[in-house]
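Below: one structure, written as structure tokens.
The values are calculated or read from the model by the stated rules, or taken from the named source; none is laboratory data. Because the structure is a prediction, the values reported are computed rather than measured. Cβ coordinates were reconstructed from backbone atoms using ideal geometry, including for glycine residues, and neighbour counts include every protein chain displayed.
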Amino acid sequence: MTDTNNTPASTTSAPVKNYQPLFSKYINNGQSTTFKGDFIGQCALFAQMLIAMAPVFGDSATKEAKVSKKDIKNEMRLANGESSSDDKKKDKKKEKQDKKDKKAKDKKDKKDKKSKDKADKKDKKSKDKKDKGDKKDKKDKKDKGDKKDKKDKKDKKDKKDKGGKKDKKDKKDKKNKKDKNETQLTEKSIQNVKGILGNLENSISLYAPCMQMIKCPEGSNECLGLKEASINKLKSDICWSKYLNNLIQCQASGSGKCVTKNIGLAVTCREYSTKANTFLSTTY
């Protein structure tokens with residue numbers, strides 16, 4: 001069975017496909033006398049209710065994990081649908097471009113310095129020649145020098161002001177671009193999570209309530225593994241349901257940075273999902 005994750009499906013029927021015989025083997029043999037009739041169907045209905053009500057009442061599965069800068073970068077990449085290879089290629093491309101830009105800048109700085117040294121040398125030579133003149137020439141030169149200093153100071157100030165304005169504009173443009181990217185990322189993440197939860201009727205999380213109530217046969221690692229996998233999957237589905245609701249509410253409020261604000265929750269959801277999938281992928 002292909003396992004999935006998000007908002008509860010409209011159906012209340014028990015999950016089917018590949019894993020049903022495995023779970024049924026333990027559930028039907030060890031079912032509680034509390035339930036009569038379609039025991040698995042009742043468990044599935046209860047699991048769907050827990051997932052549906054998660055955004056309202058919350059759950060221990062929805063506690064946000066503490067995240068590092070690496071976690072944030074990784075989650076933003078995953079939310080954007082990028083793979084680790086895409087990330088490495090992007091970093092390598094950026095590093096190559098940075099080196100190219102630095103080389104071009106160093107070359108320009110060297111050329112500018114050479115031109116400046118040449119101009120300074122010419123100015124010095126001209127200055128020495130003028131110093132040999134009479135007092136009037138010196139005075140004229142001094143006046144001219146003062147004017148030049150004033151002009152240089154003014155030019156320097158104008159350049160600084162212009163640079164400051166450019167820096168402010170660049171920062172503003174960068175912020176606007178970042179906000180736009182996060183807005184697009186939020187929508188993409190919402191669609192991704194809807195896809196996770198869109199096929200809930202086939203999720204092993206629907207077996208979790210039944211598996212919690214049965215006692216596995218002594219020495220049955222398969223039963224214990226299926227129980228743990230289904231419970232972790234239910235926690236994951238509950239967590240994604242809460243995460244999806246948070247994104248939708250944040251998007252509706254227009255507050256921005258919706259994915260960033262919920263990264264800790266997304267990391268928690270993925271951790272539960274990974275725990276559930278580890279047993280299934282290594283056993284079946």
*asked:* Quick check on residue 72: is it among the β-branched types (Val, Ile, Thr), surrounded by 10 or more Cβ atoms within 10 Å (Cβ to Cβ) and modelled with pLDDT under 75?
replied: yes
*Can you find a residue in the range 230-248 that is modelled with pLDDT under 90 and over 17 Å from residue 27 (Cβ atoms)?*
no
*Only one residue in 239, 258, 250 is within 20 Å of the chain's Cα centre (by Cα) and closer than 15 Å to residue 276 by Cβ. Which one?*
239
*Some residue of the range 269-276 being among the charged types (D, E, K, R), modelled with pLDDT under 85 and out of contact with any strand residue (DSSP E or B) (no Cβ under 9 Å at 6 or more places or on another chain)*: no
*With the condition kept exactly as written, say whether any residue in the range 148-165 is more than 24 Å from residue 76 (Cβ to Cβ), modelled with pLDDT under 85 and not in a helix (DSSP H, G or I).*
no
*Residues that are farther than 23 Å from residue 72 by Cα, aromatic (Phe, Trp, Tyr) and in contact (Cβ under 8 Å) with a residue 24 or more places away in the chain: which helices (runs of 4 or more DSSP H) entirely in the range 209-284 hold 1 or more of them?*
263-283
_Selection count where residues are among the hydroxyl-bearing types (Ser, Thr, Tyr) and in a helix (DSSP H, G or I), scope the range 190-208_ = 2
